[in-house]
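Working notes, beginning with the structure itself.
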Amino acid sequence: MSPPTPGASPDGASALPAASGPAAVREPKAQPVHGCVRCGAPVPIGTAMCERCNPLGLAEPAPSQAHGTVLLAVVVAVALLAVLGRVAIAGIGPFRAEIAGVVPEPPGLAVTLRVTNTGSNGGSTTCRVFDPTVTGIGPESAYVESPRIEPGQTAVFSKQVTSLGSALRPLATDCDTP
């Protein structure tokens, strides 16, 4: 007589329920994966590089190294954009501006500005038109954009503004350099 098999009753019948149907075949649960940092091959979570990219099993880069490298790249990109932006607008302005005329034009005023670019490069500016008797920046001011003005040139242009009302009054202007 042979020794009893594990899970069998003393009379030789199986004590385990008979497996049938889809539950009978148990496949191992799939392990979550992500891409190798060098080649993109699937590797288990917690492993940075596949066997092909790291055949000697050398230490993998620490998360702080990876995040530090990305942070450095972002800082360098922002600094580069700042330098390029500064170079792009260098020499534009300053602008001298004055009110050349004000005419009522319902529902507001038609304001004529004379703006001179005293810089070394052409460009446009935004001028604030305001009532000099009102202190501070409030609803009693309007912003208008000038056309492109070449260096050393003067542009005279008119814009309709409604935020100053339609009553004639003394106005002043201030044009910022970009």
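The values are calculated or read from the model by the stated rules, or taken from the named source; none is laboratory data. None of these values were measured; they are calculated from a predicted model. Backbone-built Cβ (ideal geometry, glycine too); neighbour counts: all protein chains shown. Ligands, DNA and RNA are excluded from the accessible area calculation, which covers all protein heavy atoms including side chains. Shrake-Rupley method; radii C 1.70, N 1.55, O 1.52, S 1.80 Å.
Restricting segment 24-40 to residues that are at pLDDT 70 or above and either among the charged types (D, E, K, R) or over 36 Å from the mean Cα position of the chain (by Cα) (or both) leaves a set whose member that is farthest from Pro55 (Cα to Cα) is Lys29.
The set of residues from segment 70-104 being surrounded by 10 or more Cβ atoms within 10 Å (Cβ to Cβ), farther than 16 Å from Ser146 by Cβ and at pLDDT below 90 comprises Gly85, Ala88, Ala90, Gly91.
Residue under question is Thr116, and the condition is that it be open to solvent by 60 Å² or more (accessible area, probe 1.4 Å), at pLDDT 90 or above, within 12 Å of Thr177 (Cα to Cα) and among the polar types (S, T, N, Q); does it hold? No, not satisfied. Please verify whether segment 154-161 includes one or more residues that are surrounded by 14 or more Cβ atoms within 10 Å (Cβ to Cβ) and under 32 Å from the mean Cα position of the chain (by Cα). No, that holds for no residue.
Taken together, the residues in segment 27-60 that are part of a strand (DSSP E or B), touching a residue at least 12 places away in the same chain (Cβ under 8 Å) and surrounded by 11 or more Cβ atoms within 10 Å (Cβ to Cβ) amount to 1.
From the residues in segment 119-141 that are hydrophobic (A, V, I, L, M, F, W, C) and open to solvent by 20 Å² or more (accessible area, probe 1.4 Å), which one is nearest to Pro170 (Cα to Cα)? My answer is Phe130.
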